[in-house]
Structure formats: structure tokens, C-alpha cells
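The values are calculated or read from the model by the stated rules, or taken from the named source; none is laboratory data. Keep in mind that what you see is a predicted model, and the values were worked out from it rather than measured. All Cβ positions, even for glycine, are placed from backbone atoms using ideal geometry, and neighbour counts span all protein chains on display.
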């Protein structure tokens, strides 16, 4: 009897031990958080607040509306996201405060974009950037946006109609530089390192809310074409917020914000950003239009791709840099409005040289603007200048950031037109000028 | 039982490669970048050449005493006193190393994945694995190396190659980084990166012949050098120089950048499986060899009773530094500056003693 | 309490190893020869001598000697056949309790020669003997045809009967009662003659058994469709049908004190490592158990490590599979009464080979093996990874998927771990229940039950939908593995990984993988390391483990078994390939 009791006792201990051990994982240990206990932040916005304060706006996704109700989208689109704004000293403290009135614990791992307001950027972004690098929650592929309006307004106006959740909207929208070339696709990774580096300056995406609320208000006054001495604005000659359009989607991105160190010093419009992309080799393809050489009031459009990386040489003459830049482009004809038959080899050179010339001229303007007006080498010519020295000390002594403002540029754009689409020869319509000239 | 264990050449090679390269996931790349600036890869190639030369000198010592490990050589030269001295040098130096590594891996886990858990919680898991591995013995550990380590380092190379689209070739310039004196003179101290070759010196009784020992050493050093070089190279291509020195875990940062389209974006936690595997392999093998050296030095017959006390000792020493700053400072100041001495300088001293006093059975050249 | 303390002591404190010999390691044969010589010179403990003796084929006596005869209140324990017929008859009647035991039959008759008559009787067990043979080949010659002979009083009646009278094809003589009793139990018919001190044992076995059928558990599309049955002779015959080789040896022994189950060890004499054969025999004959009715019992008794989930012995019911393993140099063990044969030694990768792998073409087989690897990973790690990732590493999941999982989980009351354990437990229940359901309904009900259960659980928001997919993929993955024992092992290990993933995320799973790997790496199956040929690295890894090379490239047998002849086929095994001689000579 005693033996049986002993056996039962020892078994009892073992069973108890096993049950206790099994209970621990059922409740999760220290770091375990269920998927539905977290609040997923899609966008972060920082505005200038009162002195010493910064206003932080967070946009969170509402999973149950995204997952369950596929057809529940209303006009505002706010069903799938929620915004919260708070005044705070710094980002981590702000997150803490927002945690108090939101029921979920914030998780920044899905944040797609960080928006700074123009005011804040012009003051300096340095206090906030180091915490972005230090905290492992901030991803290196978050897009960096400078908003011409306040960041809070921008984020609140994002109401995607084509997507179920705002994060997809951000991802797809900011990736559009690959096929339209009007914005730089700057991510936190590039931005952060460029701010600290001696050879390249940072650049951010420029965003804003479109200022025309109906199509009657559309005008072209805000375009930058006048600064460029152009007779009329082309599509790239706008900055965010000034685009002549009307649509339900109010927010837009176009152009870029140029930084020197951690301070914003200027803006570039859409076309100039395209030249930035071409110079740094990130340009993919986009549609451009140029004035027809024979008919100044008509245009022809090309789809321009970058065929090879640009060729850059940097030399130092008398302590001043001389930069030789050659950009290689190739194009397909998209439209020739005038009906001229440019598609034969004898005549193709006309539009090639016309387009190349126009591009070259604007490229020079852009480079000069950055060098002489902004003093900021966003193109990364400093990286090429490193070829000239052997050690880091020599590089620091060269002080590229300072001498860049005295640089001279020799640029060359080479454009070859490859394909005309499906039409090999343009036959003018019966009412056009061409037909009156007869068949020549 | 010990003498019937035979370790094959390939297994020993991968074993030593893992020991040397386990610190890639910690801060070895950071140290190389710090020393040499953007010329870290030049420093790495230079260190491989130095390590090969150092190993060549060590081989001459082992050729005099074939089939004997370094503690046996101490016994041959200095009888009991020599044995105890060699054994103590090995044990104390590797105990220092394992404590630093353990702390480094724990901090890695804590900063990267498990933020909130107390460090002793994570340490308990590691220690349990190490104790289990030591109970199963050397054969099992080394055999498992052959199965896993090639996969781990292949995945590491794949991670590095996948970041190619984001590499900027120009970040490597200026070519000589912080200056040739910093690279070649100060950088020579960084030979401590290869100090884990000392584990190879305990393997001759298990390896079949001296030729196998030689080939294991050369192959392991060569492959490790290759891995270090491409790691530093890719890291330097991705992160321009002054900002690169801010990174605490360079390879982790490299894995964070990986993004292939919209789907495969935040995969660095998945790759952390790989690094934890490397860590646990390193720690188990290191602990086993410390215990083994202890038993050999003091002529104890059994290994198993010593496992748990050693584990407790290592655990306590690991939790001794109060913050990551102190442990990182110890690593930079002491580990990377001095730990090449037991591995490369000590056999050289033994070799000179052998030649002077004409000891050793075989022809000493 | 004392017992508990004892268990704790044993687990945590160190005990000096007793005079246990080293674990058996399968070495090359040449080395062991010298060791065996050395061992023979040293004074051996008596148990070893006994083991050595047991190599000779008189094991039946040894086994019967160890038999503890129950203390029957009987008269003389006859060891040898007595010359008096009455004594024999009474002894046997007592032994078999003929008054109670109704199927043990005796038949008394007289053998009448020309001018002498001998009393005789036969004893047999009804039901396991062939009546026709007894009638025609034993009784008929002895009772009727005796008058055709010429001898009147032969010197040795038994010899006369054996050589001149009986027309039975298989018989032998015996003087020992243990052997006689054993043979009666086996289905033989014994003849006792007055005045003779020997008995004749006639082999008239005819047991009722299932005919050779299709295999139940290892179904293949291409390949022979025969499987073993429960009769040992039929099984050995099936193997002999495939390997028509005079070197095929079938050694017999009896295991089990009360069940006295015949058991065979089969190997190719010129191929299998004698150390291996010795070890197998040693382990089998040293078993002292009561009832050994099944090869599963024998498997559990001879395997090295009982507490590991993985099996260390393959059991198969296909003779072609056994034959192909034998031709690699392994050893097969067949047990009477059970259609599953055991094959030793094996490695971890053999557990994932299906019998069809050798019969199908190269590209298909290699890719199918990769799919099995994926199935293994999925069924082992998928639930654990799901728990680890959704609880600890949410950032790994793509945003769209993450939001849809979070949205679907809104109404679910349980944490993920509890959900997964509930679903896994219910699937285990369904699987167990499905085994016991009759015939055609069983498997169908299992699948439908699982789907409906899952769907209903989702509709009732007890579990989230993605979990159903995970559990279903896990279940299907474990069924995609050819070996049933391995899928059982996976079911256990999966739960361990779920718990580890819930406690420490991917760190826990990694450490679990490490401990699992170390356990496998230290296992040995009859002296062969379990993870060979990967570690230790032996030759021809690519031939037949995860990939399978074309048949004409497999020139060597697996090296880790250390067979006597390693070369399987020459380098050019296809004589027609690239050969200048295009003529075929008729042989």
C-alpha cells in the first residue's frame, strides 16, 4: 500500500510539472503579441508645432474593414484608415502618448512613408533622423516626403479609391518614378546616408494637396515655365499641388525637395527631377513631348528610356571642379501631331537633335540651379570626385561640399530614336497641311 | 572512447569555418570598416595572407609532433608543467572568448527580435542547447556541422548577392580608405579575427593524418577569408563610409535592405534563424572544447560531470557586464588586440623552444 | 517521494559508467577479424561463450533450455523418448491435457509386418496439420502396405519404417522430448513405435492463412503487387522467388518463452558484413520475453534507442523492397505471424524512400524526393512557424496578408497557440477515429469530417480561416511521406515545435531544430550513424539519398553498411551504349 502511494505521489509531481510547463506557452511569453492586438501604422507625419514641439500624425489601417468588408468603401475612404495627431517633443514619446488613447499597441513595421512638412524641413530635420536610424521599427525602404502643405493635412487627404488599404496606395504611388520620372524615389536608407555624407546631398519627394477644387479654377500660373524661358509650360514644369487637373484623388506628388545637410534649401519641379534621375542613373522611362521643329505650335511625343548609365568625369582645375556629363538615351516615337513623316532615316535626325537639344538646355539649367543657387550636390558628383584622391584625409581636405558651387558643367545628351510603334510611315490626313504639299 | 572517434576532413573544415566566421553576424565587419574605412576589403585580404603565413609556421610545429594536439605538445616539451601551462592558456583564453561571444549573440537577439524578454530568459534557452550538445559529444556536434553550416553560409552569400541592385560601386573610393599605415600596420593586429584556428590545434588526435590536418587548416582559412572579404565588400558597397561606422550589426542592416518587389520585403527575421544556428554551433563547440581541454590538462577521466558547472560559470560571466557599451568596449580593446597571441604567437614560441632544445621525435626542420 | 528523488538523481547527477561495453559500431570486416581473435584469446565471461555458441544452429534447444517449465505435479519429466509406448503416451497425454484439450489427437494402431506386429501411435494437433497427408502418406503405408515388404523382424524398426515404408517427403528422427513437443506445436505429426527409442517427426504443416495479396500500406503504381502474409515459410519463399541465389541464407531461431515464435534472419552470405550478422543474431537470441507475437514487438526490443520518436528499423510488407535492401548488404528479419519484415541497418534518408523510387525514371524520382523534403518541412515546421511569426515577428508578413489576417482574427476569442492546438488535436482525433471506421466509409468520412469541422469552426469564429489551410497542409504533408512510423514521429515533434515557437518565436524553433539535429546525429541504427551518408561524409551521397542518380550511374553500394563487396556494377553497365558492336549474337 505504501509503495502504491509513493508511486502515485511521484507521478503526481511529474504530471503537475508537465501541466505547468505546458501552460506557459499558451499565454505567450514576454514578447508575444497577437496579430490582432497591434495597430498598424501606414504613414507618419511631422509638422512644426509650438516652439520645442513637433506635431506627429499617424495614419493607421483598420484591418476589419479591409479584410471583411470588401465593398464597404464610402466616398471618404476613411473607413479603412484612422488618423491620430499629437503634439510631442520627439517621435518615441509621441508614440507613447498615442498608445494611451488608441486601444492597440502601435507597430511601425509596416509604415510606408514618412512625411515632413516644408516648414520643419527648412528648419532642420536632424533631431528626428537619428531616432529613425536607431529604432529597428523604421524600415530603410520607407519613402521620405516633404509636403508643401502641412503633413497632417496631406495624410488626412489620402483617401485611396483604387485600393483597399492605404499602404498599397503609398507603395504603388511612390514607386511611380519608375515609369513617369517626375519624382525621385527616395527612401530612408538613401536619405539618411546622404544627409551624413560628404559627397552627395539628400533629396526628398515633394508632395502636396492639389489646390484646384473644381475644373473651372484650373490655370497654369503656378508653373515654372517662365523661369526656364519657355513659351509655354510642358507637363514637367510643375511642382506638387500646382498640377492643372481635377480629380477625386486630391493628393499629388511631383518634383523634389533639395537638401543641404539636414536643411531644405529649395525645390525642383517635375522635369528637373527627371534630369536628376537621369544623371544618377535611376531613370527608367517616361513620356516626353517636344516642340515640332517644323511646326512650332505642334508637338511630338517620345517615350524616352535610359539606355546606358550616364558617363561622368570630374576634374579639378585650380581647385574648381569641371564636370563632364554625357547622358545616353533612347526613345520610341509615341505621337507626331503635325503629321510630318519623320520616320525615314534621313529625317529622323531632325527630331532627335531637337529633342536632345531641348533636354540638354534644361539639364544645364538644372545643374546650374543646384550648384549656384542651392550649393547642393544632389547628383552625387562627389562620388566620382573621390577617384581623385587616395585616402580619406585627402578627401576631407578637398571639402567637396564647398567647392561644388564653383563647378562648371559640360553636358551632352545623346538621343537615338529606335522604334516608331506600329506605324512605320505617317500619312497625313486629308485636311492637314501636308496633304496640300503633295507627295514629296 | 575519445580515441576511437574519427573526424573526417570535410567535417573538420566546416567546423573550423564556422568557428572563424561566427562573428560575421556580430561586429567583425564593423571592426574592419572602422580600422580601414572604405578599404575594409583590402584589409581583409591582407589578413587572410597573414593568417596563411601564420598557419604555415604553426604547421612546422605540428609536423614535429604528428598526431598530437597542442596540450600534448606542451606535455612533450615541459612534462606536467608544460601541459598545465598550455592547457590553462587555452582554457582561459577561450573562456574569455566564449563569454564575449555569448554576450554578443544575446544582445543581438535582444535588440533584433526579442526586445522585451529579459536577457536571462534568452540565455537559458541557449544554455540548455549547449548543455544538450555537450552531453551528446564531439562526434554528433561535428557531424551536424557538416549538415548545416554549408547551408548557412550559402544563404549568407545569397543575401549578399541579392542586394546587388542597390550596391554603389563608387562607395569603395577613396581606394585606400583611412591610409595605408592604418590598414597595414594597425590593421595587422586584427589578425585576431582568425584566432579561432586554435580549435584546430586540438583536433590532430581525431584527424587521420597530418596531411588532412594541413588541408583542413588551409581550406578553412581560405574560405573564411573569402567570406569576410565579400561581406566587407558588399557592406562597403551598400553603406558609404562614415555612416557605415554607425551600424551595430552590419549584416543585419544588409538583410534589412533586401526588398524584392512588394512581397519579399521584411525578411530579416527569417535570416535570423541562420544566425542563431551559427551562434549555437559556435557556443556548443567552444564549450565542449573548453571542457575537453580541462579534462585533458588535469587528467580527468570523464567529461559529463563538468558540463553543468561550466555552463553555470559561463552564464554568470556572461551576465557580468552591465551594458552593451562595456562589453563592446572589451571586445574592441582586448579581444581584437590581443587574442591572436595564443593562436599564432604561442606556437611560434614553442617551435623556437623545440628547435633550440632539439626536442621532438621527428625531424625538426 | 523516494522514487521521484531517485529519478531526479539519475537525470541530473553523474553516475560513473558501469562495465557497459561500447555502443555497437559497424566497422569494416577485416579489422574485426583480428579483434575477434584477440577476444578469443582472452578469458571470456560465460555469457559471451554462450553467445558464441548460439551461432550454431542448435538454438532451439537453447531456447527450450531457458524455458521455465511450470511446476507441474507430474511424475517423471521425460527428457528422452522412452522405449515403452505406454510411457510415451501417458506423458504426452498429461503434457497436453488431452482430456481437456480437444484438438490434440492421438491415433493408436498396429504395424503388422510379415510375422511381427508393433504397437504404434501418432499424435498431432487437429487444424494445423494436413489430414490428407496423414491419411495417405503416414497411416496408409504403415497400416496397409506393410504387407508388401519382406522383412520380418528388422533390427531397427524405425529405420525400416523411415527408409522403406513411409512415402512422406520430409521427416526426421528425434530422441529429445523438447524438440518433439516443439514440433507438435508447429504442426508436425509424431510417430511412436513400441520398443523404439526414437520418434519420427513428419512435417505435415498446413495452417490456414491468408493468400498472397496486395500490399495494404505501401501502395505503388508501378512494381510488383505482392505482399507478405502471416506464414514464415510463404514469406521466405517470396523472397527466394526474387533473389535466386545460393548465397541467400535463411537462419532460423525461436523467440519468446511461451509463444515460441519462429523467426528468420535473412541475408546474402557473400555480401552482408559478418559483424552485422553477428550483432543481429546476438540481439535476437538474447531476448528473454514471454510473448513475441509480432515483428513490432521484436523491433522495439532490438532497437538501440527507445526514447527517440524516429524509428531505427524499417518495416515493410513488400518482398521486392526487402530483396532490394538485401542486395545492398542489409539484413532482414522475418517473424512468423506478421506480414511486416524488419530491415536493418537503416539511415534517416531510407525512411523517405518509397518502393517505387527504383522503378521510375530519373527526372521524376529526384523531383518527387524534393517534394517529400518539402512535405517533411511543412508537416514538421509549418504550425510552429505560423505561431512564431504571427506572435513574434509580425513584420515578416506582407502588409496585405497581415491586414487580412488581423481582420479575420477580430472575432476569434483564442490566442493563436490555443487555436492551433485545438485544430491539431481535433485532426488527430479524426485521424484516429477514421482508422476504426469500417471499410469504405472510413477514409471518406475522415476527409469530409475534417473539412466540415474546419468550415464549421470558421463559421462559428472559433478559429481563423488561414489556420484551416495550415492544418490541412500539415496533415497532407505528413501523409506524403512513405513511411508510416515517420509520420507518427512527426506528429509528436510537431507539437514540440508549436510550443517552442509560442515561447520564444523563431529563436525557439531554431534551438529546437538544433536539439533535434543533434539527437539524430548521435543516433545509431545497428552501428550505422543515422545521418550517413551526409555526416559522416561517405562516398556517393548523390546516388540515393535526396536525389537519385540514374541506375546506370549507381556503381557502388552504400558505403556506410560496409558490405563485403562494394562494387555493384562496372563503370559501363550498359554494354549497348556507345558500343561499336551492333550485332547481337544469339546465345
**Prompt:** Does at least one position in segment A:215-237 carry a residue that is in contact with a helix residue (DSSP H, G or I) (Cβ under 7 Å, 6 or more places away or on another chain), under 17 Å from residue A:147 (Cβ atoms), not assigned by TED's automatic domain parsing to the domain that holds residue A:385 and not in a helix (DSSP H, G or I)?
**Reply:** no
**Asked** Out of all the residues in segment C:413-422, is one or more at pLDDT below 90, surrounded by 19 or more Cβ atoms within 10 Å (Cβ to Cβ), in the same structural domain as residue C:458 (by TED's automatic domain parsing) and touching a strand residue (DSSP E or B) at 6+ places or on another chain (Cβ under 7 Å)?
**Response** no
**Prompt:** Does segment A:390-431 hold any residues that are modelled with pLDDT of 85 or more, in a loop (DSSP other than H, G, I, E, B) and either under 28 Å from the mean Cα position of the chain (by Cα) or crowded, with 18+ Cβ neighbours inside 10 Å (or both), and which are they?
**Reply:** A:407
**Message:** Need the failing condition index for residue B:297 against (1) surrounded by 14 or more Cβ atoms within 10 Å (Cβ to Cβ); (2) modelled with pLDDT under 90, just the number.
**Reply:** (2)
**In segment A:97-120, the residues that are over 25 Å from residue A:267 (Cβ atoms) and not in a helix (DSSP H, G or I)** = A:102, A:103, A:104, A:105, A:106, A:107, A:108, A:109, A:110
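So, residue C:380, is that one buried (at least 22 other Cβ atoms within 10 Å of the Cβ), within 14 Å of chain A (Cβ to nearest Cβ) and either under 30 Å from residue C:481 (Cα atoms) or touching a strand residue (DSSP E or B) at 6+ places or on another chain (Cβ under 7 Å) (or both) or not?
It is false that residue C:380 is buried (at least 22 other Cβ atoms within 10 Å of the Cβ), within 14 Å of chain A (Cβ to nearest Cβ) and either under 30 Å from residue C:481 (Cα atoms) or touching a strand residue (DSSP E or B) at 6+ places or on another chain (Cβ under 7 Å) (or both).
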**Message:** Being within 14 Å of residue B:101 (Cβ to Cβ), within 15 Å of the chain's Cα centre (by Cα), surrounded by 22 or more Cβ atoms within 10 Å (Cβ to Cβ) and within 13 Å of another protein chain (Cβ to nearest Cβ) is the requirement here; does residue B:289 meet it?
**Reply:** no
**Item:** Scan of segment A:194-210 for residues that are part of a loop (DSSP other than H, G, I, E, B), within 14 Å of chain B (Cβ to nearest Cβ) and either touching a strand residue (DSSP E or B) at 6+ places or on another chain (Cβ under 9 Å) or closer than 16 Å to residue A:142 by Cα (or both), ordered by number
**Value:** A:201, A:202
**Request:** From B:103, B:143, grab the single residue that is buried (at least 22 other Cβ atoms within 10 Å of the Cβ) and under 24 Å from residue B:205 (Cα atoms).
**Result:** B:143
**Item:** Single match in B:147, B:156, B:138, B:128 (criterion: within 10 Å of chain C (Cβ to nearest Cβ) and within 19 Å of the chain's Cα centre (by Cα))
**Value:** B:147
**Complete:** Residue hits (segment A:306-323; exposed (fewer than 15 other Cβ atoms within 10 Å of the Cβ) and closer than 18 Å to residue A:278 by Cα) are A:307, A:308, A:309, A:311, A:313
**Prompt:** If you go through segment A:367-389 one residue at a time, how many are closer than 21 Å to residue A:412 by Cα, assigned to a helix (DSSP H, G or I) and within 14 Å of another protein chain (Cβ to nearest Cβ)?
**Reply:** 5
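Quick test for you: out of A:289, A:256, pick the one residue that is surrounded by fewer than 20 Cβ atoms within 10 Å (Cβ to Cβ), assigned to a strand (DSSP E or B) and in contact with a strand residue (DSSP E or B) (Cβ under 9 Å, 6 or more places away or on another chain).
Being surrounded by fewer than 20 Cβ atoms within 10 Å (Cβ to Cβ), assigned to a strand (DSSP E or B) and in contact with a strand residue (DSSP E or B) (Cβ under 9 Å, 6 or more places away or on another chain) holds for just one of A:289, A:256, which is A:289.
Per-residue answers, yes or no, for (1) within 14 Å of another protein chain (Cβ to nearest Cβ); (2) under 30 Å from residue C:390 (Cβ atoms):
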{"residue": "C:500", "(1), (2)": "yes, yes"}
{"residue": "C:510", "(1), (2)": "yes, yes"}
{"residue": "C:518", "(1), (2)": "yes, yes"}
{"residue": "C:526", "(1), (2)": "no, no"}
{"residue": "C:529", "(1), (2)": "yes, no"}
{"residue": "C:532", "(1), (2)": "yes, no"}
{"residue": "C:539", "(1), (2)": "yes, no"}
{"residue": "C:545", "(1), (2)": "yes, no"}
{"residue": "C:582", "(1), (2)": "no, no"}
**Request:** Restrict the check to segment C:517-527 and report whether at least one residue is under 19 Å from residue C:347 (Cα atoms), in contact with a strand residue (DSSP E or B) (Cβ under 7 Å, 6 or more places away or on another chain) and surrounded by 21 or more Cβ atoms within 10 Å (Cβ to Cβ).
**Result:** yes
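Checking the condition surrounded by fewer than 20 Cβ atoms within 10 Å (Cβ to Cβ) and closer than 19 Å to residue B:291 by Cβ, which residue from B:154, B:132 passes?
None of the other options fit; the residue is B:132.
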**Prompt:** Does residue C:358 fit the bill of being in contact with a strand residue (DSSP E or B) (Cβ under 7 Å, 6 or more places away or on another chain), more than 8 Å from chain A (Cβ to nearest Cβ) and more than 15 Å from residue C:470 (Cα to Cα)?
**Reply:** no
**Counted residues, segment C:535-568 - those being assigned to a loop (DSSP other than H, G, I, E, B) and either touching a strand residue (DSSP E or B) at 6+ places or on another chain (Cβ under 9 Å) or in contact (Cβ under 8 Å) with a residue 40 or more places away in the chain (or both)** = 19
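Residue-wise test of (1) more than 14 Å from chain C (Cβ to nearest Cβ); (2) crowded, with 23+ Cβ neighbours inside 10 Å; (3) at pLDDT below 70; (4) not in a strand (DSSP E or B).
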| position | (1), (2), (3), (4) |
| --- | --- |
| A:36 | no, no, no, yes |
| A:39 | no, no, no, no |
| A:44 | yes, yes, no, no |
| A:47 | yes, yes, no, no |
| A:50 | yes, no, no, yes |
| A:56 | yes, yes, no, no |
| A:59 | no, yes, no, no |
| A:64 | no, no, no, yes |
| A:73 | yes, no, yes, yes |
**Message:** When you scan segment A:335-354, do you find a residue that is within 14 Å of another protein chain (Cβ to nearest Cβ), surrounded by 17 or more Cβ atoms within 10 Å (Cβ to Cβ), under 30 Å from residue A:421 (Cα atoms) and touching a strand residue (DSSP E or B) at 6+ places or on another chain (Cβ under 6 Å), even just one?
**Reply:** no
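Okay, residues lined up against (1) on the phi < 0 side of the Ramachandran plot; (2) surrounded by fewer than 18 Cβ atoms within 10 Å (Cβ to Cβ); (3) not in a loop (DSSP other than H, G, I, E, B):
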residue	(1), (2), (3)
A:122	yes, yes, yes
A:136	yes, no, no
A:140	yes, no, no
A:152	yes, no, yes
A:164	yes, no, no
A:167	yes, no, yes
**Prompt:** If a residue has to be in the same structural domain as residue A:308 (by TED's automatic domain parsing) and farther than 25 Å from residue A:376 by Cα to count, how many in segment A:238-288 make the cut?
**Reply:** 4
**Request:** Go through (1) part of a helix (DSSP H, G or I); (2) out of contact with any strand residue (DSSP E or B) (no Cβ under 8 Å at 6 or more places or on another chain); (3) more than 27 Å from residue B:272 (Cβ to Cβ); (4) more than 8 Å from chain A (Cβ to nearest Cβ) one by one and return the number of the condition residue C:401 breaks.
**Result:** (3)
**Item:** Flag if residue A:262 is over 16 Å from residue A:177 (Cβ atoms) and modelled with pLDDT of 85 or more
**Value:** yes
